[in-house]
Amino acid sequence: MATPLRVLIVEDSEDDALLLLFDLRRGNYAPVWKRVETVEALQKALDEESWDLVISDYVLPGFDGLEVLDLVRKTGLDLPFIVVSGKIGEDTAVGAMKEGANDYLIKGNTSRLIPAIEREMHEAEVRRKRREAEAALVRSERRYKRLVAAVTDYIYTVTIDNGAAVRTTHGPGCLPVTGYSHDEYVNNPFLWYQMIYEEDRAAVTALTNDIRAGKEIPPLEHRIRHKDGSIRWVVNTIVPRYSEQGELIAYDGLIKDISERKRAEESLRLKSAALEAAANAIVITDSDGVVISVNHAFTTMTGYPSQEALGRDMGFLKSDLHLPAFYQELKKTIAAGEVWQGEMINRRKDGTLYPEEQTITPVTDPNGKIRHFVCIKQDITERKLAEQALMQNTSMLKEMEIAKQIQLSLLPPSPPRIFGIDCAGSCVPAAHIGGDYYDIFLHGDQLDLVVADVSGHSVGAALIMVETRSVLRAQFGTLDGPAQVVAALNELLHEDLSRAELFITMSYLSYHLSSGMLRYSNAGHPPPLLYRPREGRFFPLDAEGLILGVQRGVAFHEPTLQVEQGDLLLLYTDGITEAENPSGELFGGGRLREALARDHARPAAEIIAALMGAVRAFTGTVTFRDDISLLILKFQSRQQP
């Protein structure tokens with residue numbers, strides 16, 4: 001049976017091509033062939049079809065055999081290339097061989113054609129198999145390296161003689177798990193014990209004692225100190241070996257690195273604890289809205305224990321007071337991967353209705369597909385009742401206006417007159433009652449400054465602000481420095497803030513009039529700015545510390561800064577930086593700094609007026625969504641001690 005052969009013939013003579021095909025058939029080949037005679041046809045044939053062999057004339061119209069050879073080799077295909085030509089000298093033929101041709105024949109004398117083809121096809125097959133073997137070897141080496149890199153287990157053996165460990169051997173996997181090689185364990189027989197984390201050594205020692213006593217040994221999880229200094233968790237599984245006389249002669253251990261599992265468990269434990277401790281109800285569903293987790297606050301709010309909520313669609317809380325379009329819009333939003341926030345009326349287990357504020361956040365996998373939804377729910381019954389009462393009682397507006405005047409009257413009526421310091425302050429409430437507060441205390445050679453922002457714009461925020469002022473004025477004389485003052489406020493106000501579900505941000509500064517030294521602490525407030533015109537430079541006075549009311553026992557940092565003559569100090573609340581123009585763009589810290597630098601040469605009161613003018617021009621309004629408080633000090637000269 002003839003051998004199939006796909007042959008590409010580069011030849012301008014059809015007769016010569018037919019003679020080649022005759023020789024191939026006579027040599028017991030069944031050729032599938034194509035004849036080309038231009039560069040374009042050759043390139044197309046190489047690109048679109050597969051070939052076993054190329055036979056080319058050397059002299060062709062417009063190009064020659066070397067160009068054909070170059071095109072074939074540029075494809076990257078390992079195709080035998082044989083030159084068959086009637087017009088080629090020996091030197092030319094040798095040159096073609098040097099360029100990569102596999103053989104050459106003279107037209108009319110093709111007796112060597114079949115043997116040449118068989119030889120070159122065989123060698124091409126050998127080269128193909130060698131390439132495949134080399135590629136397989138590379139893949140194998142890569143696989144081995146990946147396996148070694150992924151090793152998290154290794155076996156060790158402890159040899160026992162007369163009840164004492166005399167030798168340990170550790171498998172090759174010990175290096176990636178512990179960082180130490182087998183030779184290092186051989187050179188230091190105590191290395192394994194030394195590597196055990198100090199607090200866990202007693203448990204490991206007790207385990208080996210139990211082995212010697214012949215007790216059943218469960219796997220032990222403990223920590224080791226890796227050679228690089230990091231702490232790793234491992235599980236140590238031990239199997240004892242006994243002699244024919246029942247004497248313990250050795251034990252084998254399997255060490256498995258479980259650090260990732262331990263980290264995942266710790267992270268899960270913390271998240272679960274946070275979930276359960278959260279004041280708001282939290283529900284986690286799958287992508288279809290079926291409940292897979294609820295916290296204790298959910299049960300408190302709805303009356304449904306977790307076992308009655310799990311596996312149900314969130315629709316079991318519906319009150320039927322909302323139109324279908326409401327839920328359709330909600331589902332459309334979260335299905336698009338966007339966060340939905342809003343209010344709705346739901347029904348408790350006992351049938352009572354309650355209003356809730358809800359935020360639903362889609363959670364996606366690395367490919368962007370939604371896998372879960374996290375729903376945070378807050379019962380706003382009390383807030384709604386308070387809002388209704390406020391709206392229904394028209395006299396409340398007058399009372400709020402009175403409260404506003406009381407609040408503003410608690411702010412410094414005018415800054416103290418201090419030698420060498422030009423000082424001015426202003427507070428612009430967003431509503432009738434605001435939560436901003438600033439104050440100045442002069443006691444001896446010390447000038448204390450404070451600016452604070454109580455969350456919200458309600459009566460509650462104003463009352464907390466009044467309480468803050470009262471506590472501050474009662475305590476500041478007994479405390480030394482901003483850090484102590486802010487820490488004391490946090491402790492004293494924590495219970496009231498938690499009960500009111502409010503918090504306070506604050507910056508507190510203390511300036512020594514004689515030395516010019518400024519100390520400051522910050523509780524999550526926008527850092528005050530000290531502008532030094534001589535250098536054209538701003539110093540943000542930030543310090544580490546949590547907002548007031550989050551937790552007790554917070555330590556606040558107290559950095560210092562030397563104030564120079566000509567410096568300008570600005571204390572402010574975020575109402576100015578978060579003021580928006582009609583396009584939703586914020587005024588921001590950059591514009592605040594530009595305005596301050598531009599007008600720094602003016603008196604302090606005029607600088608405040610210029611800043612407020614810049615904000616009003618930017619927003620296009622004279623009323624703002626948040627309170628704005630500003631306190632400016634210009635240090636013109638220093639008092640002499």
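The values are calculated or read from the model by the stated rules, or taken from the named source; none is laboratory data. Please read all numbers here as calculations on a predicted model, not as lab measurements. Positions of Cβ are backbone-derived with ideal geometry, glycine not excepted, and every protein chain shown enters the neighbour counts. In case anyone asks, the SASA skips ligands and DNA or RNA and just uses the protein heavy atoms, side chains included. Shrake-Rupley method; radii C 1.70, N 1.55, O 1.52, S 1.80 Å.
Summary table below
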read-out: Subset of the stretch 250-269 that is hydrophobic (A, V, I, L, M, F, W, C) and surrounded by fewer than 15 Cβ atoms within 10 Å (Cβ to Cβ) - its residue that is nearest to residue 226 (Cα to Cα); value: 264
read-out: Residue list for the stretch 27-68, filter: of a type in the set (D, E, K, R) and in contact (Cβ under 8 Å) with a residue 40 or more places away in the chain; value: 49, 52, 57
read-out: Residues located in the stretch 511-552, provided they are under 17 Å from residue 565 (Cα atoms), part of a strand (DSSP E or B) and either open to solvent by less than 50 Å² (accessible area, probe 1.4 Å) or touching a Cys at 6+ places or on another chain (Cβ under 6 Å) (or both); value: 511, 518, 529, 530, 531, 532, 538, 539
read-out: Any chance residue 239 is buried (at least 16 other Cβ atoms within 10 Å of the Cβ) and at negative phi; value: no
read-out: Residue within the stretch 220-227 that is without any contact (Cβ under 8 Å) to a residue 60 or more places away in the chain and over 21 Å from residue 204 (Cβ atoms) present; value: no
read-out: Cβ-Cβ under 7 Å pairs, at least 6 apart or on other chains, the stretch 469-480 side closer than 17 Å to residue 444 by Cβ, far side among the polar types (S, T, N, Q) and open to solvent by less than 50 Å² (accessible area, probe 1.4 Å); value: none
read-out: Pick from the stretch 160-189, criterion assigned to a loop (DSSP other than H, G, I, E, B) and surrounded by fewer than 12 Cβ atoms within 10 Å (Cβ to Cβ), ranking: nearest to the chain's Cα centre (by Cα); value: 163
read-out: Test: residue in the stretch 447-454 that is out of contact with any helix residue (DSSP H, G or I) (no Cβ under 7 Å at 6 or more places or on another chain) and open to solvent by 10 Å² or more (accessible area, probe 1.4 Å); value: no
read-out: Sole residue being surrounded by 14 or more Cβ atoms within 10 Å (Cβ to Cβ) and touching a residue at least 60 places away in the same chain (Cβ under 8 Å), chosen from 334, 360, 284; value: 284
read-out: Counted residues, the stretch 493-510 - those being crowded, with 23+ Cβ neighbours inside 10 Å and polar (S, T, N, Q); value: 2
read-out: Strands (runs of 3 or more DSSP E) contained entirely in the stretch 558-641, each with at least 2 residues that are farther than 24 Å from residue 447 by Cα and open to solvent by 40 Å² or more (accessible area, probe 1.4 Å); value: none
read-out: Pick from the stretch 468-484, criterion in contact with a Leu (Cβ under 7 Å, 6 or more places away or on another chain) and open to solvent by 10 Å² or more (accessible area, probe 1.4 Å), ranking: farthest from residue 419 (Cα to Cα); value: 471
read-out: Leading residue by the ranking (least open to solvent (accessible area, probe 1.4 Å)) among those in the stretch 95-115 that are closer than 16 Å to residue 22 by Cα and in contact (Cβ under 8 Å) with a residue 24 or more places away in the chain; value: 113
read-out: Positions within the stretch 559-587 being closer than 15 Å to residue 525 by Cα, at pLDDT below 95 and not hydroxyl-bearing (Ser, Thr, Tyr), in sequence order; value: 574, 575, 576, 578
read-out: Residue match in the stretch 190-210 (condition: open to solvent by 70 Å² or more (accessible area, probe 1.4 Å), of a type in the set (S, T, N, Q) and under 22 Å from residue 153 (Cα atoms)); value: yes
read-out: Within the stretch 435-444, considering residues that are touching a residue at least 12 places away in the same chain (Cβ under 8 Å) and open to solvent by 50 Å² or more (accessible area, probe 1.4 Å), the one farthest from residue 542 (Cα to Cα); value: 443
read-out: Scan of the stretch 291-330 for residues that are surrounded by fewer than 14 Cβ atoms within 10 Å (Cβ to Cβ) and either in contact (Cβ under 8 Å) with a residue 40 or more places away in the chain or acidic (Asp, Glu) (or both), ordered by number; value: 292, 313, 320, 329
read-out: Filter pass, residue 351 being on the phi > 0 side of the Ramachandran plot and open to solvent by less than 60 Å² (accessible area, probe 1.4 Å); value: yes
